[in-house]
Amino acid sequence: MKTKLFNLALAAALAIAITGCGKKEDTNEQPVANSNAKKVIDTSTVGSVTGSVTLDGKPAPIKPINMSAEPYCLKAHPNPVIPPEVVVNDKGDLANVVVYVKDGLADYNFDTPKEPVVLNQQGCMYDPHIIALMAGQTFEVKNDDQTTHNIHPMPKDNREWNKSQPPGASPIDETFGRAELAIPVKCNVHPWMKSYIFVFKNPYYAVTSKDGKFTLKDLPPGTYTIEAWQEKYGVLDQTVTIGAKESKPLTFTFKTAAASGD
Amino acid sequence: MPDRSPEILPEDPIKNRSFAFPLLIGSLLLILTVAWSFYVEFYGLQPWRRYQSRFAKAYSEYLGKDIKRQKQDETDVYSSPEYKQLAASLASAQQTAKVQDDEIAKQIELLDDQRAAMADAFKDERGKIGHLVYQYEIVPDSDKSAKAKALKELNEGRSSTWKVDWPTGNGQVEKNKVFTADQLNDTFTSIMAQRAALVAKRGEVDKPAKDIQADLTKYVSDHLPGLSSASLDGLRRSMEDFDERIIQINVNPTGASINNLGGAGLVDRCESCHVGTDPKYVPPQVALTKADLGMAKSNNAPFSSHPDLDLIQWHPLEKFGCSPCHGGNGRAIDSVQRGHGRYPHWLWPMYYPENYQAGCQQCHSGDMVTEHAPVLNEGKQLYRQRGCIGCHRFQGFDNQDEQLVNARQQILQLAKTKSDDLLTIPRLQKQADAAPDNATADKLNSQATNLTVEISRMDARSESLEQQTHNLLQEIKKVGPDLKEARQKLRKEWIPYWIGHTTEFRPTTKMPQFRLSQDETQALAAFVWQSGLTSPPLEHQAPGNAAHGKQLFEERGCLACHSMGEGSSTVGGTFAANLSRVGEKENYDYVVRWVHDPRQRTRPYCPYEKRDLGPEDYAKHNLPYVFDLDHSRCPNDGHELVVQQPTVMPSLRLSMDDTRDIATYLMAQKRPDASYASADYMDDPQLAAKGKDLARHYGCAGCHELSGLEDEGRIGTELTNEGSKPIERLDFALWTEDAKRGVFPDGKSSPRGPWYDAKGFFEQKLRNPAVYDQGKYHANPMDALRMPKPNLYGDGDVEALVSMLLGSTDPTLPPEYMYRPADRRRYIQEGWWVVTKYNCIGCHQIDVGQKSVMQTLPYYEGENKANLPPVLTTEGARVNPEWLRQFLANPSLSTTDTNRNGVRQYLQARMPTFYLSNDEIRKLVLFFQAMSSQPDPFIPPKVKPLDDSERAMARALFTSPAAPCLKCHMTGNEAHDKNAIAPNFLLAHDRLQPAWTERWIIDPAKIIPGTAMPSGLFRMEGDHWVFSGPVPASVQHYQGDQADLLVRYMFSLTPQEQAALVGKTPTSTGGGTKPSGGAGGGK
């Protein structure tokens, strides 16, 4: 069984190598790096990292958004909206934290997911607040509001764009070509609308849910630096080693300024 | 038989001694010599033959590969479905057209035949009738009978007939068809008209096919860039039978002579070896590199195309050749070394790679910024900024001081002439009164009258010179601070420390390091201290809020010029001083005055009285002690005063509170352990006198304003043509032999071998001028070299300056080669001098591809990008130049509310007031216009006024959800403007140009990538733009262009209209609070 798999992997590697070479001949200008076959993941040995993110301490109160500049939005929210910079439940579980492999991953080839990642504009708020996707994956922006928004990501390493989206307009489809962390996105018309986009070259990332949980699935065995990013409290990282088929738990705890001062 | 043995003759030396061997040797030698001479002649001295054959071989191999690839591409493209579809529709269109085409061709052919058939008859008829008409017309009207006769003949002529064999189509001919004169004329006209109609029809019939053909050609050129395989094959064949020969360019063979040699006197044969630079063999589309030829690692493969094809396009090889830019001996082809001119006695060795851009300077010496020459530009910037210009004159660099001296001399001369004339007038009048006769008296009187008129003309001239002086005084800047203010500004003990430890205190300082003894340092410090002004005293200032000051320091844009932080934590621009330790040296009250208005002086300086004026001078004339640009005349003599400090630092128009906060923050910038030894000697008058002499000796006044040294000139040698100085005139001092041997003064060996050349001299001089004093005997210590060590950072700075100096040569090219454009490029050339002088590029991106300092600051990364000052790449097309002139003079656009930006009031960064002279403003405005290809003078385009229904529609659009304009743009409503991020539309009419505005609202990202203004507000519908979003019902049937409608509305916006709009939009009616006003809209 094992040798069979090995043979299969070898064949795949060869196939990639050959097509790589073939391409090279075609255009004569392929970068050299591409002709090196990338590793292929042995799916029989992959493990995972599962865990949660919590917040130690009470977050400082955040001022509610003043939407008075846009009556439509004001009407959409009977209660004042708190900017979702720190979303934490009573137990201290922290949502909207991006957890990803920062370091330690070998040079694998990953397929770009076909399905788009959707950012919705609803009641003059972004949903979801944090977006994570893979390079090349379609990023789809929808406008459910009866007002004109503009979507303006301000990346460092990707191309910047800024498109207006009137009510009822068809969704905007874009892609990001390069990996980049925390690309700020905003609506210039409604300055409180802020979001962050994370673009990865690999599928090992997760955004924590309401209960602060995350899972990084199908990680090949190895030692990784896993980083957790929170909008207000910055980044934390930890190193984990995963053996074949192993599932490792991992907990991140962010500290509020008050808590760390103690 | 007698045995007669032959007589034995004595040995014949000639017959018996064989010369065969020496002859063999001799002839062998001869053959060898001849062979050797042939070898040398045709091979040894012709290294280019080897290069050419190597090139031809390698290049043809490369082309072979390229042809294969291109052929494959061509096959791919020709077999692509798009191509096939286009080709098929082309064929079918041609087929469709063909039937009609043939029919038309047939008809045209018949018409042509008919015309040809009638040609003789027609000519004959024309001649005959013309003759009869003439005969009729020359008969006088009075001769009735003759006239009637002529008319009769004419009518007979018109009714006579001609016979023509008339083709009727299909090869049929109607024999002898009869035409009268009129019939011939009519037929001819009709044939021509029919023919024209048929040709037009054929054009129509062929049009679809022609359109498809154009699409097809475009498709092919889009998908097959570069040369076709056939052209590549042509190139390859030319390589296969490559004709080895000297390739030569005569630079400017017919143009003006510069050295009586005819033309430029320059012959370039560089391409004989550098074959790849010849576009005949390597067209620009091929752009050959060493790697292409498989010689990537070779040091001996001079075959690449020129790496910067733009440069070659602007400087065609056949006009410029190579050596005019690169240096070297273009004629020499017998060795690499000779060709490159790197041997003794050749005056223009080829520039080394780090100095390549020196080659631009000869023709581009008038530029401050030359495109594609960043190293040279850096050199010029350093020359100005590091203060080289303080001692060394350089033609074209800021020479307002010279103009000023000139203007002042003229003013004095005029005054002298005027006073002489004033004495002459009464003398003449007296003579007139005593004249013997009236004629003489009249003559003398009129002489006197003429003189009075002359005087009034002199007054006018004098006044204009005063105006010019006023401008020049505004333009003159010094590299270093005004030291007349030193006593009020600086901490006393710090001064001597600074003079001796400039780079230790501030590693990035512009101040060069002088080689001073301790005595000299003390004397200079004493002079600076004692010559400093002490009165009127500075206003005492209350302390401010340092935290707020820090915030302002970062937000207002100080870091575009200044830097803060030491070592690797330094942030900010390098144009002005690093302020990390400013608190150690300065006096708080002075910093407040300086930050509030850096141009403010303690006393104005009168150049005619040669002293600083005080309140007492003004009091004598009952004048308040007020001196500024509007009060710039001397109360004593009426001439222009120096009323500003000669600094480029602008005024940020801050409130006094904000100023104090910033000053408090700055004063906190010091090392905690800073302490300086007390320096009582600084009050010794004798020491100060000695210091003054030293200051004069070392040329301190080149960079600083100093009491008593206001009229000092530059003490260094002029460097305008320094690159042409013969090597004998460069003083290598005791290093001549070492330089020839390639040993540096520090004992290390020179990587490029001997450095006994201008480059070597400049490099050593700039790294450390003291080396040329080393080991020398000076009878008087003052004989030592005065040049201080410039504070340059690394080889980059040194090589930039060396490049500038090497390129600063006497022209070797005729005047028409010099870059002195007469068109709008001249405005660009002049404008860059002002732009770089005031560091506009610290805050603004001005040229495409350039980055401002602020764009690189970490503070403006990510979201904060929106707070960057505006990008000005299209400023000339964007704004009305007249508006720009006013804006540059007063960026607050208000005389009362100055603590703000005039346009972008929401930006924290502040556009400062630079107090530019009128001339500088003019140059800047023309610069921006020229950069955007705008015509000069500017004639504002007419904007079609809106009719009532259009106005109603525009109003509805402006407040509709599809056009969220008023959400971001300022409206004058304070509550709303707090969150505004774009200018008020009321400014549009005076400020903007309509065409630009329309391009802008349709796709702003095309003009300024990254702008907060979104793209996609409009979409194309048919041939006009409409809003992408839902528009109000009233607009839905509007047939016109909605973008145009909006622009016209913007340009006609009045404060009342805006107030009404703001009242209407949800922006301010929302939120439950009634707007504090549409009324605020008027400002």
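Assorted remarks:
- Relative contact order, whole percent, for chain B stands at 10, derived from Cα pairs under 8 Å and 6 or more residues apart.
- By the count of other C-beta atoms within 10 Å, a proxy for reagent exposure, B:R752, B:R338 are ordered fewest to most as B:R752, B:R338.
- Using only side-chain charges placed at the Cβ, +1 for Lys and Arg and -1 for Asp and Glu, the dipole size of the protein assembly as shown relative to its Cα centre rounds to 1240 debye.
- With a Förster radius of 41 Å applied to the C-beta separation of B:A674 and B:Q774, the computed FRET efficiency comes to 0.75.
- Placing unit charges on the Cβ atoms of the charged side chains and taking the dipole of chain B about its Cα centre, the candidate lying farthest along the positive direction among B:Q669, B:L154, B:P374 is B:Q669.
- Inter-probe distance in nm under a simple model that places probes 7 Å from Cα toward Cβ, at B:H345 and B:Y78: 6.1
- B:N300 paired with B:M1020, simple spin-label distance in nm, labels 7 Å along Cα-to-beta-carbon: 5.8
- Neighbourhood charge, 11 Å Cβ-Cβ cut-off, centred on B:H1024 and excluding it, Lys, Arg +1 and Asp, Glu -1: -3
- Per-residue mean of foreign Cβ neighbours for A:169-182 is 1 (Cβ atoms of other chains, 10 Å radius).
- Applying 0.36 nm per residue to the separation of B:N399 and B:A200 and subtracting their alpha-carbon distance, the gain on full extension is 65.0 nm.
- Amide H to amide H, with H built 1.01 Å from N, A:M134 comes under 5 Å of A:F200, counting only residues 5 or more places away or on other chains.
- Longest to shortest principal axis, alpha-carbon extents of chain B, angstrom: 152, 127, 96
- Contact order normalised by residue count of the stretch B:472-604, Cα under 8 Å, 6+ apart, percent: 30
- Interchain or long-range residues, amide H under 5 Å from B:V173's placed H: B:T168
- Using a Förster distance of 41 Å, the FRET efficiency for A:T43-B:T289 (Cβ separation, nearest 0.05): 0.40
- √(5λ) per eigenvalue of the Cα gyration tensor, the stretch A:47-261, largest first, Å: 31, 23, 13
- For the stretch A:47-261, DSSP calls about 70 percent of its internal beta bridges antiparallel.
- Full extension of the segment from B:L30 to B:R158, taken as 0.36 nm per residue of separation minus the current Cα-Cα distance, would add 36.2 nm.
- Burial ranking of peptide ranges B:825-835, B:1012-1022 (average Cβ count within 10 Å, highest at the top): B:825-835, B:1012-1022
- For A:H129, neighbours were defined as the other residues whose beta-carbon sits under 9 Å from its Cβ, and their charges (Lys and Arg +1, Asp and Glu -1) total -2.
- For the pair B:Y681 and B:V453, a Förster radius of 41 Å applied to the C-beta separation gives a FRET efficiency near 0.10, rounded to the nearest 0.05.
- If only the Cβ of Lys and Arg carry +1 and only the Cβ of Asp and Glu carry -1, the dipole of the stretch B:400-464 around its Cα centre is close to 100 debye.
- Three-way shape call for the stretch B:303-410 based on the alpha-carbon gyration tensor, with the a/c threshold at 1.5: prolate
- For A:185-192, mean number of other protein chain Cβ atoms within 10 Å: 5
- DSSP beta bridges fully contained in chain B are about 95 percent antiparallel.
- Shape category assigned to the protein assembly as shown from the gyration tensor of Cα positions, a/c cut at 1.5: rounded
- Protection proxy ranking of B:774-785, B:917-928, B:1028-1039, by the mean of other Cβ atoms within 10 Å over each peptide's residues and highest first, is B:917-928, B:1028-1039, B:774-785.
- Distance between the 7 Å Cα→Cβ label points at B:E504 and B:E609: 4.3 nm.
- Exercise: per-residue mean of other protein chain Cβ atoms within 10 Å, B:862-871: 3
- 25 Å tail of the calculated P(r), the stretch B:764-892, as % of Cα pairs: 55
- Cα shape, the stretch B:378-535, gyration tensor, a/c 1.5 rule: prolate
- Between the alpha-carbon centres of the stretch B:297-366 and the stretch B:1036-1066 there is a gap of 60 Å.
- Centre separation in Å (Cα based) which lies between the stretch A:154-177 and the stretch B:90-130: 61
- When the Cα positions of B:I129, B:A105, B:Y83 are compared along the charge dipole of the stretch B:74-139, B:I129 comes out farthest toward the positive end, with charges on each C-beta of Lys, Arg, Asp and Glu.
- Note on the stretch B:109-219: Cα Rg divided by 2.2 N^0.38 Å, N the number of residues, gives 1.65.
- Derived scalar couplings ³J(HN,Hα) [the stretch A:45-56; Karplus, 6.51 cos²θ - 1.76 cosθ + 1.60; whole Hz; x for Gly, Pro]: 10, 5, x, 7, 10, 10, x, 8, 10, 10, 10, 9
- All other residues whose Cβ lies under 14 angstrom from that of B:I389 are scored, Lys and Arg at +1 and Asp and Glu at -1, for a net of +3.
- Using C-alpha pairs under 8 Å with a sequence gap of at least 6, the mean separation divided by the residue count of the stretch B:948-1082 gives a relative contact order of 33 percent.
- Computed lengthening from B:I246 to B:T96, 0.36 nm per intervening residue step minus Cα-Cα distance: 48.4 nm
- Proxy reagent accessibility, fewest Cβ within 10 Å first, across B:D206, B:D948, A:D237, B:D661: B:D948, A:D237, B:D206, B:D661
- Taking the Cα centre of the stretch B:948-1082 as reference, the dipole from Cβ charges on Lys and Arg (+1) and Asp and Glu (-1) amounts to some 380 debye.
- Per-residue ellipticity at 222 nm computed for chain B from its helices equals -14500 deg cm²/dmol, with DSSP H segments shorter than 4 residues left out and the rest contributing -39,500 (n - 2.57).
- DSSP bridge pairs, the protein assembly as shown: antiparallel proportion in percent, nearest 5: 75
- Cα lying deepest toward the dipole's positive end in the stretch B:684-831, options B:S707, B:A739, B:A770, charges on Cβ: B:A739
- The H on the amide N of A:H149, modeled in the peptide plane, is under 5 Å from the matching H of A:Q165, each at least 5 residues off or on a different chain.
- Karplus-derived 3J(HN,Hα), 6.51/-1.76/1.60, for each residue of the stretch A:132-139, Hz, glycine and proline x: 10, 8, 9, 4, x, 6, 6, 10
Each reported figure results from applying straightforward, stated rules to the coordinates on display, with no laboratory input. What you see is a predicted model; the values in this text were computed from it and never measured. Cβ atoms come from the backbone with ideal geometry, glycine included; neighbour counts cover every protein chain shown.
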